[in-house]
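Asker: Sharing a structure with you now.
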Amino acid sequence: MRRRREWFHRMAEQHLVLWWIPAGHIPSLDEGLAQLDLLEREGPGPRAFTFRDPHPAPEPSLATRV
């Protein structure tokens, strides 16, 4: 992995996005593409982020606490 820059080319556009989802939810491809678009438009934030700029999980709302 130390020599990965010799083997891989840097991608010109964003290609990875992370976001928090509720337990049990399976995101769709369209949802992922929408999150990627959000990241490209607004940059990393609590709704869409990267490994380089992580954001903590949101606090559960009072309605979901048991």
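The values are calculated or read from the model by the stated rules, or taken from the named source; none is laboratory data. What you are looking at is a predicted structure, and each value in this text was computed from that prediction instead of being measured. Here the Cβ positions follow ideal geometry from the backbone for every residue, glycine too, while neighbour counts run over all protein chains shown. For accessibility, only protein heavy atoms count, side chains too; no ligands or nucleic acids. Shrake-Rupley method; radii C 1.70, N 1.55, O 1.52, S 1.80 Å.
Asker: Would you compute, from DSSP H runs of 4+ residues alone, the mean residue ellipticity of the chain at 222 nm, taking -39500 (n - 2.57) per run and dividing by the full residue count, rounded to the nearest 500? It would help to have the intermediate numbers written out before the result.
Answerer: Working: 2 runs with 18 residues, N = 66.
Taken over the chain, the calculation gives -7500 deg cm²/dmol.
Asker: Summing Lys, Arg as +1 and Asp, Glu as -1, what charge do residues with Cβ under 15 Å from the Cβ of Ala48 carry, Ala48 excluded?
Answerer: Working: positive: Arg41, Arg47, Arg52; negative: Glu13, Asp30, Glu31, Asp37, Glu40, Glu42, Asp53.
So the surrounding residues net to -4.
Asker: Run the 1.4 Å probe and let me know the accessible area of Glu59, rounded to the nearest 10 Å².
Answerer: So the heavy atoms of Glu59 present about 150 Å² to solvent.
Asker: Now for a different question. Between 0 and 90 degrees, rounded to the nearest ten: what's the tilt of helix 29-42 against the longest Cα principal axis of the chain?
Answerer: 80 degrees
Asker: Turning to a different aspect of this structure: State log₁₀ I(q)/I(0) for the chain at q = 0.11, 0.15, 0.19 Å⁻¹ as given by the Debye formula over alpha-carbon point scatterers of equal weight, solvent excluded.
Answerer: Ignoring solvent entirely, the Cα scatterers give -0.37, -0.62, -0.86.
Asker: Only Cα pairs under 8 Å and at least 6 apart count here; give the relative contact order of the chain as a rounded whole percent. Working shown, then result.
Answerer: On the way: 40 pairs, mean separation 20.1, N = 66.
Reported as a whole number, the value is 30 percent.
Asker: Report the extension gain between His25 and Ala12 in nm, rounded to one decimal, defined as 0.36 nm multiplied by the number of residues separating them, less their alpha carbon distance. Don't skip to the end; give the middle numbers.
Answerer: On the way: separation 13, 0.36 × 13 = 4.68 nm, distance 3.05 nm.
Here the segment from His25 to Ala12 would lengthen by 1.6 nm.
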